[in-house]
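Worksheet for the structure shown next.
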Amino acid sequence: MKSRILTALVAVMAIGSMAACTPTRTVKSAGEQVDDSAVTAKVKTALARDPSTSAYRIDVETFRGEVQLNGFVTSADMKSSATRVAKSVEGVRSVSNNLKVGDGDRTAGEVVDDTVITAKVKTALAADPVVAAHQVNVATREGVVQLAGFVDNSDQKAKASELTRRVAGVKQVDNQLEVKQR
């Protein structure tokens, strides 16, 4: 009797663990998560090694081999080099280059102002029950806030823009969030 119960319990646990690992359109399997983490790391390493890119300025996000390059860089050459470098990495299926080119000279006050705006936007996103804030990367330059990453649905994307626009100091929202596909 005890062995039947134990066998049934083990079977239920095994089925439950398989269901928990089953990928959906918006949830990656454990293997996909590892693959995407490896691709992200390889892209970041390749950007760091390339003298024509500024890796610390570039945020890299990956979802099922689709790579996003996000943030602000100082030249169009750096932006195009980042695309070239990312595309050369094994495991990259496609690259969305959302990098914005901006002047490199900023005062300490401007940097602090942008940092404060970024913090306020992250706080607003985290407080909202619709937006999955952990899926949204926020970067700010001269009051322009870039939202990037992969979200589960279009409601999250729209709500992230709406919340960001309400934050004091935000001049413009550049919503580069992509809705997960497949």
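The values are calculated or read from the model by the stated rules, or taken from the named source; none is laboratory data. In this text, all values refer to a predicted model and were calculated from it rather than measured experimentally. FYI the Cβ positions are ideal-geometry reconstructions off the backbone, even for glycines, and counts take in every protein chain you see.
Name the residue, out of V130, V85, V89, that is under 30 Å from P51 (Cβ atoms), in contact with a Lys or Arg (Cβ under 6 Å, 6 or more places away or on another chain) and either assigned to a loop (DSSP other than H, G, I, E, B) or in the same structural domain as L47 (by TED's automatic domain parsing) (or both). Even if it seems obvious, please write down each step before you answer.
Values: V130 fails: under 30 Å from P51 (Cβ atoms); V85 fails: in contact with a Lys or Arg (Cβ under 6 Å, 6 or more places away or on another chain).
Sole residue among the options that is under 30 Å from P51 (Cβ atoms), in contact with a Lys or Arg (Cβ under 6 Å, 6 or more places away or on another chain) and either assigned to a loop (DSSP other than H, G, I, E, B) or in the same structural domain as L47 (by TED's automatic domain parsing) (or both): V89.
Does the range 59-91 hold any residues that are surrounded by 19 or more Cβ atoms within 10 Å (Cβ to Cβ) and in contact with a helix residue (DSSP H, G or I) (Cβ under 6 Å, 6 or more places away or on another chain), and which are they?
Passing the criteria: V60, T62, V67, L69, G71, V73, V85, A86, V89.
State whether one or more residues within the range 19-28 are at pLDDT 55 or above and exposed (fewer than 13 other Cβ atoms within 10 Å of the Cβ).
no
Can you list residue pairs whose Cβ atoms sit under 7 Å apart, with the first residue in the range 119-138 being within 25 Å of T62 (Cβ to Cβ) and the second being of a type in the set (A, V, I, L, M) and exposed (fewer than 15 other Cβ atoms within 10 Å of the Cβ)? Count only pairs 6 or more apart in sequence or on different chains.
A133/A126
Just the residues that are in contact (Cβ under 8 Å) with a residue 12 or more places away in the chain, loosely packed, with under 15 Cβ neighbours inside 10 Å and polar (S, T, N, Q), please, taken from the range 104-118.
T115
How many residues, within the range 139-157, are in contact (Cβ under 8 Å) with a residue 40 or more places away in the chain, buried (at least 18 other Cβ atoms within 10 Å of the Cβ) and over 13 Å from the mean Cα position of the chain (by Cα)?
1
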